[in-house]
Amino acid sequence: MAKEGHKYIFVLGGVMSGVGKGVATSSIGLLLQQKGYAVNLVKVDPYLNVDAGTMNPTEHGEVFVLKSGLETDQDMGNYERFLNRDLTNEDYMTSGMVYQSVINRERALGYGGKCVEAIPHVRDEILRRFEAAAEYNGSRISVIEIGGTVGDFQNALFIEAARVLKMEHPENVLFVMVSYLPTPGTLGEMKTKPTQTAVRELNSYGVQPDFIIARSREPIDEKRREKISVSCNVRKDRIISAPDITSIYEAPLNFDRGNLGDELLEALNLTEKRKASLAAWKKFARAVNNDKAPEVAIAIVGKYFDTGDFVLSDAYLSVIEAIKFSAAKLGKRAKITWINSKQFEKGAPVSQLAKYQGIIVPGGFGETGIEGKIKAIQYAREHKIPYFGLCYGMQLMVVEYARHVANIKDAHTTEIKKNTAEPVVDIMPEQKQNLFDGKYGATMRLGTYPAYLKKGTVARAAYKKELVEERHRHRYEINPEYVDRLQKAGLVFSGTSPDGVLMEIAELPKSTHPFMLGTQFHPELQARPLDPHPLFTEFLKAALKRKA
């Protein structure tokens, strides 16, 4: 159980999805942490998937992998980036996890033969998880984001659990609603009615918001603030303006100017005045938003583009942010262009890549657009354009090198061509049975693994240490049977597993190419605003040299 007097802040969304609950939760966590309080952030996803690992990124967005290997919602990535620390399994839950726990307990007679129902048994399991997360983290305050929108059927049990916690400990629980105030173009006037309706919907659950974060195009004026206050029964000073911003990293600074941190602490009866130390964050936010900083043009050649531009930032969110962090550190601004690799398979000239200072091929699964990616990688290698391959991007870099340099003409990955004569990339032996048995969820090589780096390599120079730990999410590996042939042809495997069997980093020496490097792991998952990832930073340094 959580310790006596533990504080809870529940963040809910009103009016529509995508209103910014994750950024609000991250920002609240950062503000309270910078005021000296131990904080843990929890994401609640109402879907019945046990985790996010089996979801299509074009529909749900990026799958973020924790250090433990748990596959989670992309909001967990924002939590880690804002708090600048690793999160745990206890900080994430889905309806699938909750129901699975209840059903497993029922099957083991854990309920003593009772009729097991949503209330109280599922609700109580949710409460247990809220308290377990606080206990595991040893925090003073839990900030819990409940996914979905008020009025959704799926998240009702989580709101009910929060209501019970508020009923039992009214002095220790707050509700923050992030709601949207539209300004219809034909009217030119900000409207509060959707927010009023959302609050009434929340009231029907027996919950009254203590704070409203008002998302809108422009800052709310005093008249709208007063209208929301009277209609929604929320104090005016607890209605926080959250207008559109250039970057999500401005959000905590805006909230700090609106005294959100102090207001939350006062409402929780934590009256000790502490000033948030945001100097480092302010410096980063200025750098990442500096429109006058010199640009570096980066092309991301990927495949998850078929549902429109609005999907891109979700499907490769951590990659984008990692690029931004390293660019800000170098006093530059990355101009990212998205290129669908399928166009190169249809005859589009791959020479269009010549205008970029760097090329990234990110992770992914399946055969769509693969030959287009290989063409892009070949062009980057032959024309000495800095190249960074992430997971699949490393595997295809090795396939390309095998075909066109090591003279292994039929080189391929068995993920695409199961019976290829030259399986340069092959499925991990322990994974074959998983696929045969139809076990796809949470069965990949997931989470943090160590890698040793060779002296005199680009990777070793970037990390400045011999042993690193990085997060993985894949089933396929470089086939050890081909390593010697590839190395003799000039490819360097600069990072390997401790036993030397698994190839973690492949690169070309600087004497051959300014930066041609791929990682089997996902370095973007550990890039942080105040601690950029060294490989992204080295990649951008090479890109800047090409520009010069």
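Residue-wise test of (1) of a type outside the set (Lys, Arg); (2) modelled with pLDDT of 95 or more; (3) under 21 Å from ALA527 (Cα atoms).
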| site | (1), (2), (3) |
| --- | --- |
| ALA214 | yes, no, no |
| LYS223 | no, no, no |
| SER241 | yes, no, no |
| ASN259 | yes, no, no |
| LYS273 | no, no, no |
| ALA279 | yes, no, yes |
| ASN290 | yes, no, yes |
Exercise for the section: Within the range 337-384, track down each residue that is assigned to a loop (DSSP other than H, G, I, E, B), aromatic (Phe, Trp, Tyr) and closer than 25 Å to GLY61 by Cα. Expected result: PHE365
Problem - Residue within the range 386-402 that is surrounded by fewer than 18 Cβ atoms within 10 Å (Cβ to Cβ) and over 24 Å from PRO532 (Cα atoms) present - result: no
Exercise for the section: Collect the residues in the range 385-418 that are assigned to a helix (DSSP H, G or I) and among the hydroxyl-bearing types (Ser, Thr, Tyr), keeping them in residue-number order. Expected result: TYR392, TYR401
Exercise for the section: List every residue pair whose Cβ atoms lie under 9 Å apart, where the two residues are 6 or more positions apart in sequence or sit on different chains, the first residue falls within the range 488-502 and is in contact (Cβ under 8 Å) with a residue 60 or more places away in the chain and within 21 Å of MET516 (Cα to Cα), and the second residue, located anywhere, is of a type outside the set (S, T, N, Q) and surrounded by fewer than 19 Cβ atoms within 10 Å (Cβ to Cβ). Expected result: ALA489/VAL405; GLY490/VAL405; GLY490/PRO509; LEU491/VAL405
Exercise for the section: Might you let me know whether the range 115-129 holds any residue that is free of Cβ contacts under 8 Å to residues at least 12 places away in the same chain, assigned to a helix (DSSP H, G or I) and not acidic (Asp, Glu)? Expected result: yes
Fill in the blank from the handout: Selection from the range 374-392 of residues closer than 16 Å to HIS474 by Cβ and at pLDDT 95 or above yields GLY389, LEU390
Practice task
Would you mind stating whether LEU83 is out of contact with any Asp or Glu (no Cβ under 9 Å at 6 or more places or on another chain) and exposed (fewer than 15 other Cβ atoms within 10 Å of the Cβ)?
Solution key: no
Exercise for the section: Starting from the range 155-173, keep only residues that are free of Cβ contacts under 8 Å to residues at least 60 places away in the same chain, then list their pairs with residues that are assigned to a helix (DSSP H, G or I) and of a type in the set (Asp, Glu) whose Cβ atoms are within a distance under 9 Å, requiring at least 6 positions of separation or different chains. Expected result: ALA161/ASP124; ALA161/GLU125; VAL164/ASP124
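One line per residue, one yes/no per condition, for (1) in the same structural domain as GLU272 (by TED's automatic domain parsing); (2) in contact (Cβ under 8 Å) with a residue 12 or more places away in the chain; (3) farther than 22 Å from GLN526 by Cα; (4) within 10 Å of the chain's Cα centre (by Cα):
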| site | (1), (2), (3), (4) |
| --- | --- |
| TYR37 | yes, yes, yes, no |
| GLN74 | yes, yes, no, yes |
| TYR79 | yes, yes, no, yes |
| PHE82 | yes, yes, no, no |
Exercise for the section: Can you tell me which residue among VAL65, VAL98 is under 27 Å from LEU31 (Cβ atoms) and touching a residue at least 12 places away in the same chain (Cβ under 8 Å)? Expected result: VAL65
Fill in the blank from the handout: The condition of being out of contact with any strand residue (DSSP E or B) (no Cβ under 7 Å at 6 or more places or on another chain) and of a type in the set (Ser, Thr, Tyr) holds, among SER231, SER241, SER179, only for SER231
Handout entry: Search result, residues across the range 68-111 that are part of a helix (DSSP H, G or I), of a type in the set (Asp, Glu) and under 22 Å from ASP314 (Cβ atoms)
Key = ASP75, GLU80, ASP91
Problem - Some residue of the range 12-33 being hydrophobic (A, V, I, L, M, F, W, C), surrounded by 22 or more Cβ atoms within 10 Å (Cβ to Cβ), within 15 Å of PHE158 (Cβ to Cβ) and in contact (Cβ under 8 Å) with a residue 60 or more places away in the chain - result: yes
Exercise for the section: Give the residue that is surrounded by the most Cβ atoms within 10 Å (Cβ to Cβ), with candidates limited to residues of the range 257-287 that are without any contact (Cβ under 8 Å) to a residue 60 or more places away in the chain and of a type in the set (A, V, I, L, M). Expected result: ALA285
Problem - Failed condition for TYR136, given (1) farther than 30 Å from MET16 by Cβ; (2) touching an Asp or Glu at 6+ places or on another chain (Cβ under 8 Å); (3) in a loop (DSSP other than H, G, I, E, B) - result: (3)
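The values are calculated or read from the model by the stated rules, or taken from the named source; none is laboratory data. Please read all numbers here as calculations on a predicted model, not as lab measurements. Note that each Cβ is placed from the backbone with ideal geometry, even for glycine, and that neighbours are counted across all protein chains shown.
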